[in-house]
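Notes to accompany the following structure.
Just so you know, all these numbers are worked out from the coordinates, no wet-lab data involved. Everything numeric in this text was worked out from a predicted model, so none of it was measured. Methodologically, a virtual Cβ is constructed for each residue, glycine included, from the backbone with ideal geometry; neighbour enumeration extends over all protein chains shown.
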Amino acid sequence: MKRPILKVSLVLCAITVCLSCKTETSETTISDAEISAESKKVNDFFQKTFDQRVDLNPEFQTRLGIKKDYGKLSDNSPEAEARDLKIDEDILVWLTDSVNVDALSEDVLLSYTLYKQRIENSINDYKFRLHNYPVNQMHGAQSGKPAFLINMHRIDDVADAEAYISRLNGFEGYFSQLVENLKAREEIGVMPPEFVYDKVIQDSKNILEGQPFDNSDGQSTLLKDFSKKVNALDIDVVEKTRLENSAKEALLTSVKSAYDGLVTFMEAQKLRANTDDGAWKFPDGEAFYNNAIQRTTTTDLTADEIHNIGLAEVERIHKEMNAIKEAVGFEGTLQDFFQFMKTDKQFYYSEDQEGKDAYLAKAVHIIDSMKTRLDEIFITKPKSDIMVKAVEAFREKSAGKAFYNRPAADGSRPGIYYANLYDMAAMPTYQMEALAYHEGIPGHHMQLAIQQELEDVPMFRKFGGYTAYTEGWGLYSEYVPKEMGFYANPYSDFGRLAMELWRACRLVVDTGIHAKKWTREDGIAYYTENTPNAESDAVKMVERHIVMPGQATAYKIGMLKILELRKKANDALGDAFDVREFHEVVLSHGAIPLNVLEDFVDDYIASKNENS
């Protein structure tokens, strides 16, 4: 059997992928055997290059459940970045010169196009490799390396314990290179604003508290983790003591030296820092930010367009909130209602451990309740389970409000919904449902666990991502439970709207800071005046905008696109529309750019109409 060769125009429209471009059919035909052979060749190449990346990244190996280089940390040197660039350039040459795209199956053509776009983006973005802050209050080695060891490094035997110690001994070299990376950024004028320094310094000092760094009663964060894991092994006391002593030595030498060096540098650089907050201060800052929001949203939306979408969404959501305010009989302005929601004790658990335990228990109940209803809205469900966990004490002060870690690919670790309980006044009960749905089920856990469990999909698609797609789904997942009868309490529904409002404000403030030269204080004021969230929320969010330019624009842009596509399918199919099928279309290809998602929805609509 033969098919016509399709002359597919692989148009990489700015950031997005155009798979819906018109095709021309020539008289030349290509056999199924040739299609199979060429598609296999390309899939084999995807696997080979993925394995190459894994081999070069010991920490990614650990995240995948692989113990090949279990005692090593990943390379953060400029030489490693240059090496990765050369790999990308070689890959692009192969993709361009060695593939007959006309002979690829549709699925492999999609993978080819996404992969080629990713490589081209990576090469093009190399010029901006120093336009970031390697350590900040959101992420960085000062908190990331301990969190990695605690959450990812399993100790199943003595060799694993030795590997843990080896990684501790690698801290000094890793952090020394980190300081050199910070110096290289300063040389071109890229330094964090002043507020970042104290947070990074405090996070670093937190790691050096407790034994063996001082004579306090408690163990330090890393020693406590190591001792707990080693004590669970079925080995004799002498061996456990030997391992613990080796870990203490590594902590007192490599780890202490690493953090002391970082703190010393950050304290000195802080004296040279200023309060300029936006990416506009970077060399070619405007071009960098425009590129960042294109990469984040997978659209061609400009900063002004995103800003205006945010303003319109804030106005719409305020109207819906006013309706709830009136429904519950509250007398006063919307701002008065915000103040009531911020301060009334009925909406908050206590700050003590009892209150925090109650919050976690309720979060588990919310997720477990949603689990019982998944058949109503999904066809495919993940095999991996999910757990709820409080953000660890050593990083809770600076970490975000809530986040999700995907499960291990080998099933050895469940997905984790983290709730930050450092400030219970920032975790109102009326937002609990929306937070759990977003980070857990039906949000990121459904999406990311399903993605990495997909069959016949290249590994780079199982573990890759597009922020607008991923976070758009997360925000969309806050809305879907309302249709299922959740948010029965009007205050919880207000909480859902408050979460959506928060993401709408992000469009305004992110673009305000990085494109319109708003200050940190301008951003905080916008949040506090337009949302019911605690001021501490506003401060954390604005500071997140500052150190992660463009990232927060993804949520609302992605959600709006998914809702637009759902309405499009519903309008076209009428009674034949099935939300389970729609969700299958959205999730069954893994993370994809928004316009590629639209292509798949269009195909779904056409297929349903043909079969009706």
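Give me the extension gain from E535 to D410: residue separation times 0.36 nm, minus the current Cα-Cα distance, reported in nm with one decimal.
Here the segment from E535 to D410 would lengthen by 40.9 nm.
Among V101, T62, F330, which residue has its Cα positioned farthest towards the positive end of the charge dipole of the chain, with +1 placed on the Cβ of Lys and Arg, -1 on the Cβ of Asp and Glu, and the dipole taken about the Cα centre?
T62
Using a/c under 1.5 as the rounded threshold, could you call region 438-566 rounded, prolate or oblate? The axes a ≥ b ≥ c are square roots of the C-alpha gyration tensor eigenvalues, and prolate needs a/b larger than b/c, oblate otherwise.
Working: a/c = 2.41, a/b = 1.33, b/c = 1.81.
Taking the square roots of the gyration eigenvalues as a ≥ b ≥ c, region 438-566 is oblate.
Given R₀ = 35 Å, FRET efficiency for D125-K40 by Cβ-Cβ distance, to 0.05?
Computed FRET efficiency for D125 and K40 comes out at 0.70.
Rank M548, I306, L565 by how far each Cα sits towards the positive end of the charge dipole of the chain (+1 on Lys, Arg Cβ; -1 on Asp, Glu Cβ) and give me just the farthest.
Going by the charge dipole, the pick is M548.
Grab the beta carbon distance between I87 and L374, set R0 = 41 Å, and tell me the FRET efficiency rounded to 0.05.
On the way: r = 40 Å, r/R0 = 0.98.
My answer for the efficiency is 0.55.
With +1 on the Cβ of every Lys and Arg and -1 on the Cβ of every Asp and Glu, and nothing else charged, how large is the dipole of the chain about its Cα centre, in debye rounded to the nearest 20?
440
When only alpha-carbon atoms are used, what values of Rg and Dmax, in angstrom, describe region 311-414?
When restricted to Cα atoms, region 311-414 yields Rg and Dmax of 18.7, 55 Å.
Using each residue's phi in region 478-483, evaluate 6.51 cos²θ - 1.76 cosθ + 1.60 at θ = phi - 60° and report the 3J(HN,Hα) Karplus result to the nearest Hz, with x for Gly and Pro.
6, 7, 4, x, 4, 5
Determine the calculated [θ] at 222 nm for the chain from helices alone, applying -39500 (n - 2.57) to every DSSP H run no shorter than 4 residues and normalising by the residue count; nearest 500 deg cm²/dmol.
Values: 25 runs with 368 residues, N = 612.
Helices in the chain give a 222 nm mean residue ellipticity of -19500 deg cm²/dmol.
Report the full-extension gain for the segment E521 to N100: residue separation times 0.36 nm, less the Cα-Cα distance, to one decimal in nm.
Net length gain for the segment: 146.1 nm.
Under the 0.36 nm per residue contour assumption, what length would be gained going from the current alpha-carbon distance of D260 and R272 to full extension? If you can, show how the numbers build up before the last one.
On the way: separation 12, 0.36 × 12 = 4.32 nm, distance 1.92 nm.
Between D260 and R272, full extension yields an extra 2.4 nm.
Sort 60-66, 237-243 by the packing proxy (mean of other Cβ within 10 Å over each peptide's residues), most packed first.
On the way: 60-66: 17.7, 237-243: 13.4.
Ranking, from highest mean packing down: 60-66, 237-243.
Of F213, M191, A159, whose Cα points farthest to the positive end of the dipole of region 141-274 (charges on the beta-carbon: +1 Lys, Arg; -1 Asp, Glu; origin at the Cα centre)?
My answer, from the dipole projection, is M191.
Give me the percent of Cα-Cα pairs in the chain that sit more than 41 Å apart, rounded to a whole number.
28
Using θ = phi - 60° and the Karplus relation 6.51 cos²θ - 1.76 cosθ + 1.60, list the HN-Hα couplings for region 380-397 in order, rounded to whole Hz, with x at every Gly or Pro.
8, 10, x, 7, 6, 8, 9, 10, 10, 8, 6, 4, 4, 4, 5, 10, 5, 5
Got the relative contact order for the chain handy, in percent, Cα pairs under 8 Å and 6 or more residues apart? Write out the running numbers ahead of the final one.
Values: 871 pairs, mean separation 97.7, N = 612.
About 16 percent, as a whole number.
I'd like the Karplus ³J(HN,Hα) series for region 240-253: coefficients 6.51, -1.76, 1.60, θ = phi - 60°, whole numbers in Hz, and an x wherever there's a Gly or Pro.
Calculated HN-Hα couplings, in order: 4, 5, 4, 5, 5, 5, 5, 5, 4, 4, 5, 5, 6, 9 Hz.
Which residues in region 539-572 have a backbone N closer than 19 Å to a point placed 7 Å from the Cα of L311 along the Cα-to-Cβ line?
The answer is 553, 556-557, whose backbone nitrogens lie closer than 19 Å to the label point.
Note down the Stokes-Einstein diffusion coefficient of region 502-554 in µm²/s, whole number, using a Kirkwood radius over alpha carbon pairs, 25 °C, and 0.890 mPa s.
The diffusion coefficient I find is 234 µm²/s.
What does the charge count near F582 come to, summing +1 for each Lys or Arg and -1 for each Asp or Glu among other residues with Cβ under 11 Å from its Cβ?
Result for the neighbourhood of F582: +2.
What is the projected area of the convex hull of the Cα atoms of region 131-266, averaged over all directions, in nm²?
Dividing the Cα hull surface by four gives the mean projection, 8.4 nm².
What is the distance, in nm, between label points placed 7 Å from the Cα along the Cα-to-Cβ direction at E351 and at T333?
Using points 7 Å along Cα→Cβ, the separation is 2.9 nm.
Once you place label points 7 Å from the Cα toward the Cβ at K383 and F340, how far apart are they in nm?
Calculated label separation equals 5.1 nm.
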